[in-house]
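Here's the structure, in structure tokens; my notes come after.
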Amino acid sequence: MAIPMFMLAGNLMDQGGMSKRIVNFANAAIGFVKGSLAMVAVLASMIFAAISGSATAGTAAIGSIMTPAFREKGYNMSFVTVLLSAAGSIGPIIPPSILMVLIGYSTGASVGELFLGGAIPGVMIGIALMIYSYIHASRGGEAYLQTTKFDPQEVKRTLFSALPGLGLPIIIIGGIISGVFSATEAAAVAVLYGFLVGMFIYKEITMKDLPSIFIKSAQTAASIMIITGCAYIFAWFITAKQLPTLLVEVMNTYITSKTLFLIFLNVALFLVGMFMESFSAIIVLMPILFPVATSYGIDPIHFGVIVCINLAIGYVTPPYGATLFVACGLTGKSVREVLPYVFPAILSMLVVLLIVTYLRRHTCGCRR
């Protein structure tokens, strides 16, 4: 129930005007930097990720608002396509994350701790993409010059406008960590909050809009639930055939240390993310990989964050690349056209993944 409810909350906040106010605030905050329009897209995606928890929803929401501005400014639209895709993929990492909810239910790890564990890595990926944007802008010419002058009053005004929506992540994470409500109950609270903000504070949602919002959310959630249901059947089949036990025996034979297992885990999940839908990958692979991870003494939260980041990178990598295809649809570019810009973006995310993998205490708040 948490998954469709979080999707409905994200759609309510998007239709209620939150995404526009996020973009306005991000532009006021960093619009004076070279290549700032690209950085605004990344920052806005990070903030929207803390509301929707969905990669494709974030890419569609921020991309649809910012694509006309990129065209008007004269940005390289192949670069823009990849940037929107990579920035949108932060959605499953920064809490509240739909992937984290599924990982928590699949492994028994605390969803609240997983949410906290994804916060710093999500910000790190956002910073890495901003650095990539600045490097690209430094070679791009006049199109990438700053778009606005820094004005503290404008920052204050846009922040105040976006503040009602920005309170949602605090309510969700604070409520879960404090034990006031569970992840599923937090999703219901998010729906109610999104409805109240959109209807009575921003006043951009009317009663006539609700049916279309419900239908859109139901369609997206239904497609994910069908995939998830089929994946659960497959996961049951491989468990019944004792494949996890056999795989553990093989891995214990050839993988002799935690370091080797972490290397194997990252390579395997990176390849899986290229070809498999993330929800299915979690349900199918967690019963196999999680027992091995715990046998090596890997913290469940650390393990969950690594899985989440790898599968988030998969949203950008062809041939699956869910957010990449969404961004291509927004900009009118083909996957072939944008490929040269995919590799630097993925490299930026992989650097963060390696840091998170081997510096776990400082990046995801693990217990050991």
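Give 347, 330, 311, 285 a once-over and let me know the one that is within 21 Å of the chain's Cα centre (by Cα) and without any contact (Cβ under 8 Å) to a residue 12 or more places away in the chain. Testing whether each residue is within 21 Å of the chain's Cα centre (by Cα) and without any contact (Cβ under 8 Å) to a residue 12 or more places away in the chain leaves just 347.
Summed over region 197-210, residues that are among the hydrophobic types (A, V, I, L, M, F, W, C), part of a helix (DSSP H, G or I) and within 19 Å of residue 4 (Cβ to Cβ) total 1.
Of the candidates 298, 263, the single residue that is buried (at least 17 other Cβ atoms within 10 Å of the Cβ), of a type in the set (Val, Ile, Thr) and either closer than 23 Å to residue 357 by Cβ or more than 20 Å from the chain's Cα centre (by Cα) (or both) is 298. Restricting attention to region 111-150, which residues are in contact with a Gly (Cβ under 9 Å, 6 or more places away or on another chain) and not in a helix (DSSP H, G or I)? 140, 141, 145, 146, 147, 148, 149, 150, listed by residue number. Within the span defined as region 51-65, every residue fails to be among the small types (Gly, Ala, Ser) and over 26 Å from residue 221 (Cβ atoms).
When region 249-273 is filtered for residues that are in a helix (DSSP H, G or I), at pLDDT below 85, out of contact with any helix residue (DSSP H, G or I) (no Cβ under 6 Å at 6 or more places or on another chain) and not aromatic (Phe, Trp, Tyr), the ones remaining, listed by number, are 249, 250, 252, 253. Among the aromatic types (Phe, Trp, Tyr), surrounded by 17 or more Cβ atoms within 10 Å (Cβ to Cβ) and assigned to a helix (DSSP H, G or I): is that true of residue 279 in this structure? It is true that residue 279 is among the aromatic types (Phe, Trp, Tyr), surrounded by 17 or more Cβ atoms within 10 Å (Cβ to Cβ) and assigned to a helix (DSSP H, G or I). With respect to the conditions (1) closer than 27 Å to residue 187 by Cβ; (2) surrounded by fewer than 21 Cβ atoms within 10 Å (Cβ to Cβ); (3) polar (S, T, N, Q), residue 67 falls short on a single one, namely (1). Would a scan of region 70-83 turn up a residue that is basic (Lys, Arg), surrounded by fewer than 21 Cβ atoms within 10 Å (Cβ to Cβ) and under 21 Å from residue 6 (Cα atoms)? Within region 70-83, not a single residue is basic (Lys, Arg), surrounded by fewer than 21 Cβ atoms within 10 Å (Cβ to Cβ) and under 21 Å from residue 6 (Cα atoms).
Within region 162-184, can one find any residue that is in contact (Cβ under 8 Å) with a residue 24 or more places away in the chain, under 20 Å from residue 48 (Cβ atoms), among the hydroxyl-bearing types (Ser, Thr, Tyr) and in a helix (DSSP H, G or I)? Among the residues of region 162-184, not one is in contact (Cβ under 8 Å) with a residue 24 or more places away in the chain, under 20 Å from residue 48 (Cβ atoms), among the hydroxyl-bearing types (Ser, Thr, Tyr) and in a helix (DSSP H, G or I), which makes the answer no.
Can you spot a residue in region 116-123 that is without any contact (Cβ under 8 Å) to a residue 60 or more places away in the chain, in contact with a helix residue (DSSP H, G or I) (Cβ under 9 Å, 6 or more places away or on another chain) and not aromatic (Phe, Trp, Tyr)? Taking every residue of region 116-123 in turn, at least one turns out to be without any contact (Cβ under 8 Å) to a residue 60 or more places away in the chain, in contact with a helix residue (DSSP H, G or I) (Cβ under 9 Å, 6 or more places away or on another chain) and not aromatic (Phe, Trp, Tyr).
Of the residues making up region 176-201, those that are farther than 17 Å from residue 8 by Cα and either modelled with pLDDT of 80 or more or of a type outside the set (Gly, Ala, Ser) (or both) are 176, 177, 180, 181, 200, 201. For region 355-362, the criterion of being under 17 Å from the mean Cα position of the chain (by Cα), part of a helix (DSSP H, G or I) and closer than 22 Å to residue 131 by Cα is met by at least one residue. Flag: residue 20 matches the condition of being assigned to a helix (DSSP H, G or I), surrounded by fewer than 21 Cβ atoms within 10 Å (Cβ to Cβ), touching a residue at least 40 places away in the same chain (Cβ under 8 Å) and among the charged types (D, E, K, R). Put simply, of 86, 28, 38 the only residue that is assigned to a helix (DSSP H, G or I), over 19 Å from the mean Cα position of the chain (by Cα) and either more than 30 Å from residue 283 (Cα to Cα) or modelled with pLDDT of 85 or more (or both) is 28.
Here 36, 45 are screened, and the one residue that is touching a helix residue (DSSP H, G or I) at 6+ places or on another chain (Cβ under 9 Å), hydroxyl-bearing (Ser, Thr, Tyr) and over 29 Å from residue 186 (Cβ atoms) is 36. Residues of region 96-110 being crowded, with 24+ Cβ neighbours inside 10 Å and either assigned to a loop (DSSP other than H, G, I, E, B) or without any contact (Cβ under 8 Å) to a residue 40 or more places away in the chain (or both), which ones? The answer is 96, 97.
The values are calculated or read from the model by the stated rules, or taken from the named source; none is laboratory data. Predicted, not measured: the structure shown is a model, and the values here were computed from it. A quick note on method: Cβ atoms are made from the backbone with ideal geometry, for glycine too, and the neighbour counts reach across all protein chains shown.
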